[in-house]
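Peer 1: For reference, the structure I am asking about is given below.
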């Protein structure tokens, strides 16, 4: 569901879809159907289970909550059965609360045994990516925001904060920070009831993150502040924010005034004054503090609030498969731009990266029948081609090792941590080193990905050798795949002795993996 | 000005007694047909029974427990108990006066209650056989004396206390004190109270037959006196909801309730003074709890007499519900509802569409699921049958059964089990909350996707009471309502927490707050020069917060009409507090039951139908729904109903500021709103006929009334 659409048994007759989201504080069930060009929500259920406080406080989910969750899920199933929805077509995802629980596997097994549901636990990146997809969908529907200008996107999950820059209808860069409202109140919660100056503690704690944000944000002059996250609904309600054309706005003054009013109150007081549950009261101050902090990095006078729900996005994509496919294409562009931003950060050789990207993809496309890889793998190759040399920013010596380290600690929009690891590995093996099971980085990969890295590294090595001199000598290549050999014909008017020499050096892995010989030939442009 | 001042609130128990007084007035009204007057006599009694068992018991308990807190109206339990007792005693005396008058008038009409001594020889032989064959096997005499525990007498049972004297000098049955020997015989409740003699419409009381045939039952003893008495117990016991099996607990609760402490004793004036002393001591009763009646004890069974065949002129002219206007031309009920919201006003319009839509749904292959709340249903309910059938047909049927519907629990347990065995998913509501809302949801998979049909009503899904309770019900296929009602069911089944409601207002979540806001809006309007207008129709108005808000509205110049059948704690016509509030109560042939709330809203009226009265128990401890009526035609229909009720000058009484009621008297054309409403339906039907000439409504109507 994340990228590779699983081949689910499709309930062709029914246009009705169900999605369950196991969130940190509640389980959600949505049942939707397509109505013309819109998605219609038939049922929306919320079953409160505070899994997050278990996970963040004790690192595992307690028996009581597991039980409660199972009860909630079986109620959901009863509701789903009302609509004759095939059980196998239910989308069911979980995030931080399950992801970070030490007893995750046990819980997933319990769910499977007791309810027959197979929960997909989303990685943090996947979760953010879904939210960004939702943001893009929403923004593309809305025309009244001046999107030419740079906008700061923010998404507070209960466990992590995601921020991104949105410009020219693209999400150009993203950053993850390990702080979320619930997490914050778990970390600092004990202090919360003991002091009425808790806000000082929170602000101080956040200022350490601000330092990180500065390097990410200060270059950008950001005009719009777009926020999304579950806690915002609470803030919206309390501030009685106006909703215009499906968007809600909060002015900075209003926000700050309200913050000033609650900042020295304990959760108990907040709960009494505003008639909130204690859980909500506990996260109110931390989440407002986070938004306040982010706001200070923009020139925006108002915060635009988008109501994006993870499961809504997944259901939307399920209901509109064609539209979403197109959208994924668009998002791929964002991913590539985001990778190039990383490249820029490390002063990469744009011309070299671009030509290698071109050659690598050309080779990939012509060798589909022998490598058997899919479009997602192609994107990984493309990203590796863009970033393979960034290690040179640190030192030319063993630059591939540095590339590996830099890539795996970067953020590329729309790329999961696992995929980032693959890109880093490909880059490590683009030069002199060859994949070796004794390398820690390679050992970590599972078997499938070991092969994937080897294959893609082999292709990247071929491509990279074609611009050995970094002089852009070869304008284009032609590829001829024969039964037992691959002929790459370089179109150039210059001599390519160096390239040929390097090519022959680097082709060894290729030959080992694919079992055919690769030859480089030359052809005049004319 | 302090609106919390107790002087601004009428006491709810006393107000209830006023209500029962109005019911008695219907029995006293010479314009009411004679047998119907007798029926009202019966209703007064059964009303009192329930009131004694719950409300009076609670006050009495408070007195015994030494609670000395004032209530909202400023009364302490002791004082309240005194006032209540005085008022009830007076009312009961009036009731017996009226009863005796009615009986003597009935005699003139040929319906006679014969004293045993006046039976003809032939009749006496017949009765003696009847006694031997039918009555005697049901009798169980219990000997009592001061040395053994007083027997457990069943709540509300009629008993004969017999003072015996031994014919021999020594007998083991003899009382230790030697003076008095008593026995108690319960008058069997499974035998008709009025035994019909062979000749037409002559009756003799069951207890008289027993009393006059006791000789054979106590051989060796002579009967000194026979004393009829009836005892009522406190039925206000607690239900333990925190249990795994509510159905089981409810069964035991019903049993437990039978054995609360005695709170009332009804006797006749000729009771043997020793027996009386003994009885009062044994039952631990105070003089205030003793009711000395001038006539037969327990008048509820006189209802049997009203069912006598013939005597048309002594009864209300038979009323047949008219076909429901909105469905009269309907061929496909789902289509009709899909096209336009429909509203049905019972009992003027038939209850059929409700039964029909459930029946249809149970057979319709497109229907996926049916969900319904059931509170009180009729004995042989077609709705229960249809739900069971739907379940057999593979539909998912979810029924929320409220077991806690007071004094109906036993009945409810019965059909809850029936539904369960038919495979329905039966749920018993939420702990601590009684589900009082009346909702039906039908989920249908149509060509263009899921569509939900909703019925929301002010009265129960009970085809029997729908014949004499006034209620409204609205059918809609609007998505917003479908979603709200689905969500409510998800809460009731425990699958979800409450959402933000789109249309409906739900107690205990946002009901009171919402209506306080709606009143506030009228206040704001009135202050800024726009006329403010509120009409509230419900069965009782007790909630202090809402009453205070209505006072504020009155002070701000909002014109308020309240149509409150029963208890009303709001005191009208207080200078500078409630001058703009008029309160009327309509008590007549039909039981006013619909709850309708109207707000002028500067010319764009907001109208709600609801299952809830404005009393704390409804708003805080029950799940109740108020639904907006949005369709302009339907709004107009409701408004015209309200207008008619407000102009009633036959059955309407107006509440005075001292808490008493007076019949509305004016020189306008007499209007009996309940009569008028039947006629109104005819007008609607004729109009409909004009609109769709292809349909011969008269013919339809004929088919219908068969």
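Peer 1: Looking at residue B:612 and the list (1) part of a loop (DSSP other than H, G, I, E, B); (2) surrounded by fewer than 24 Cβ atoms within 10 Å (Cβ to Cβ); (3) within 21 Å of the chain's Cα centre (by Cα), which single condition is not satisfied?
Peer 2: (2)
Peer 1: Which one is nearest to the other protein chains (Cβ to nearest Cβ), of the residues in region B:427-449 that are surrounded by fewer than 22 Cβ atoms within 10 Å (Cβ to Cβ) and at positive phi?
Peer 2: Checked region B:427-449; the qualifying residue nearest to the other protein chains (Cβ to nearest Cβ) is B:449.
Peer 1: Also, quick follow-up: Filter region A:72-90 for residues that are over 26 Å from residue B:478 (Cα atoms), touching a helix residue (DSSP H, G or I) at 6+ places or on another chain (Cβ under 7 Å) and buried (at least 19 other Cβ atoms within 10 Å of the Cβ) and give the result. Explain how you work it out, then say what you get.
Peer 2: To start, the set of residues in region A:72-90 that are over 26 Å from residue B:478 (Cα atoms) comprises A:72-74, A:86-90.
So of that shortlist, the ones also touching a helix residue (DSSP H, G or I) at 6+ places or on another chain (Cβ under 7 Å) come out as A:73-74, A:90.
Listed by number, the residues that qualify are A:73, A:90.
Each row is one residue, and each column tells you yes or no for (1) closer than 20 Å to residue B:265 by Cβ; (2) in a helix (DSSP H, G or I).
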residue: B:38; (1), (2): no, yes
residue: B:41; (1), (2): no, yes
residue: B:45; (1), (2): yes, yes
residue: B:58; (1), (2): yes, yes
residue: B:61; (1), (2): yes, yes
residue: B:67; (1), (2): no, no
residue: B:73; (1), (2): no, no
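Peer 1: Where in region A:353-431 are there helices (runs of 4 or more DSSP H), lying fully within it, with 3 or more residues that are under 16 Å from residue A:338 (Cα atoms)?
Peer 2: Helices (runs of 4 or more DSSP H) meeting the threshold: A:375-387, A:399-408, A:417-428.
Peer 1: Condition test on residue A:44, is it buried (at least 17 other Cβ atoms within 10 Å of the Cβ), modelled with pLDDT of 85 or more and within 14 Å of chain B (Cβ to nearest Cβ)? Talk me through it step by step, then tell me what you get.
Peer 2: Details: buried (at least 17 other Cβ atoms within 10 Å of the Cβ): yes; modelled with pLDDT of 85 or more: yes; within 14 Å of chain B (Cβ to nearest Cβ): yes.
So residue A:44 passes the test.
Peer 1: Which residue is farthest from the other protein chains (Cβ to nearest Cβ), if the candidates are limited to region A:51-60 and must be crowded, with 17+ Cβ neighbours inside 10 Å and touching a residue at least 60 places away in the same chain (Cβ under 8 Å)?
Peer 2: Within region A:51-60, the match that is farthest from the other protein chains (Cβ to nearest Cβ) is A:56.
Peer 1: Now a separate question. Quick one: residue B:415 ticks every box in (1) farther than 25 Å from residue B:635 by Cα; (2) more than 13 Å from chain A (Cβ to nearest Cβ); (3) buried (at least 22 other Cβ atoms within 10 Å of the Cβ); (4) touching a strand residue (DSSP E or B) at 6+ places or on another chain (Cβ under 6 Å) except a single one, so which number is it?
Peer 2: It is condition (4) that residue B:415 fails.
Peer 1: Can you pull out the residues in region A:286-301 that are outside any helix (DSSP H, G or I), over 11 Å from residue A:226 (Cα atoms) and in contact with a strand residue (DSSP E or B) (Cβ under 7 Å, 6 or more places away or on another chain)?
Peer 2: A:297, A:301
Peer 1: Please enumerate the residues belonging to region A:26-41 that are more than 9 Å from chain B (Cβ to nearest Cβ) and under 16 Å from residue A:85 (Cα atoms).
Peer 2: A:30, A:32
Peer 1: I would also like to ask the following. Being at negative phi, buried (at least 19 other Cβ atoms within 10 Å of the Cβ), touching a strand residue (DSSP E or B) at 6+ places or on another chain (Cβ under 8 Å) and part of a loop (DSSP other than H, G, I, E, B), is that true of even one residue in region B:637-648?
Peer 2: The answer is yes; a qualifying residue exists.
Peer 1: Which of the residues that make up region A:302-323 are buried (at least 19 other Cβ atoms within 10 Å of the Cβ) and assigned to a helix (DSSP H, G or I)?
Peer 2: A:310, A:311, A:312, A:313, A:314, A:315, A:316, A:317, A:318, A:319
Peer 1: Okay, next question. Tell me yes or no: at least one residue of region B:387-395 is touching a residue at least 60 places away in the same chain (Cβ under 8 Å) and either crowded, with 22+ Cβ neighbours inside 10 Å or in a helix (DSSP H, G or I) (or both).
Peer 2: Checking region B:387-395: not a single residue is touching a residue at least 60 places away in the same chain (Cβ under 8 Å) and either crowded, with 22+ Cβ neighbours inside 10 Å or in a helix (DSSP H, G or I) (or both).
Peer 1: Within region A:199-210, track down each residue that is farther than 12 Å from residue A:297 by Cβ and either at pLDDT below 75 or touching a strand residue (DSSP E or B) at 6+ places or on another chain (Cβ under 6 Å) (or both).
Peer 2: Hit for region A:199-210 is A:208, nothing else.
Peer 1: Any residue that is touching a residue at least 60 places away in the same chain (Cβ under 8 Å), away from every other protein chain (no Cβ under 14 Å), assigned to a helix (DSSP H, G or I) and surrounded by fewer than 17 Cβ atoms within 10 Å (Cβ to Cβ) - is there at least one of those in region A:61-71?
Peer 2: no
Peer 1: Check residue A:121 against each of (1) closer than 30 Å to residue A:412 by Cβ; (2) within 14 Å of chain B (Cβ to nearest Cβ) and name the one condition it does not meet.
Peer 2: (2)
Peer 1: Separate question: When you scan region B:483-529, how many residues do you find that are within 14 Å of another protein chain (Cβ to nearest Cβ), more than 20 Å from residue B:617 (Cβ to Cβ) and either part of a helix (DSSP H, G or I) or in contact (Cβ under 8 Å) with a residue 40 or more places away in the chain (or both)?
Peer 2: Number satisfying all stated conditions: 10.
Peer 1: Looking only at region A:72-104, which residues are free of Cβ contacts under 8 Å to residues at least 40 places away in the same chain and either within 14 Å of chain B (Cβ to nearest Cβ) or closer than 26 Å to residue B:366 by Cβ (or both)?
Peer 2: Those that are free of Cβ contacts under 8 Å to residues at least 40 places away in the same chain and either within 14 Å of chain B (Cβ to nearest Cβ) or closer than 26 Å to residue B:366 by Cβ (or both): A:75, A:78, A:81, A:82, A:87.
Peer 1: I would also like to ask the following. Take the residues of region B:450-482 that are in contact with a helix residue (DSSP H, G or I) (Cβ under 6 Å, 6 or more places away or on another chain) and free of Cβ contacts under 8 Å to residues at least 60 places away in the same chain: which is nearest to the other protein chains (Cβ to nearest Cβ)?
Peer 2: Residue satisfying both the conditions and the ranking: B:452.
Peer 1: Go over the candidates A:353, A:333 one by one and state the one that is in contact with a helix residue (DSSP H, G or I) (Cβ under 7 Å, 6 or more places away or on another chain) and on the phi < 0 side of the Ramachandran plot.
Peer 2: A:353
The values are calculated or read from the model by the stated rules, or taken from the named source; none is laboratory data. Every value quoted in this text rests on a predicted model; they were computed, and no experiment measured them. Every residue, glycine as well, gets a Cβ built from its backbone with ideal geometry; the counts of neighbours run over all protein chains shown.
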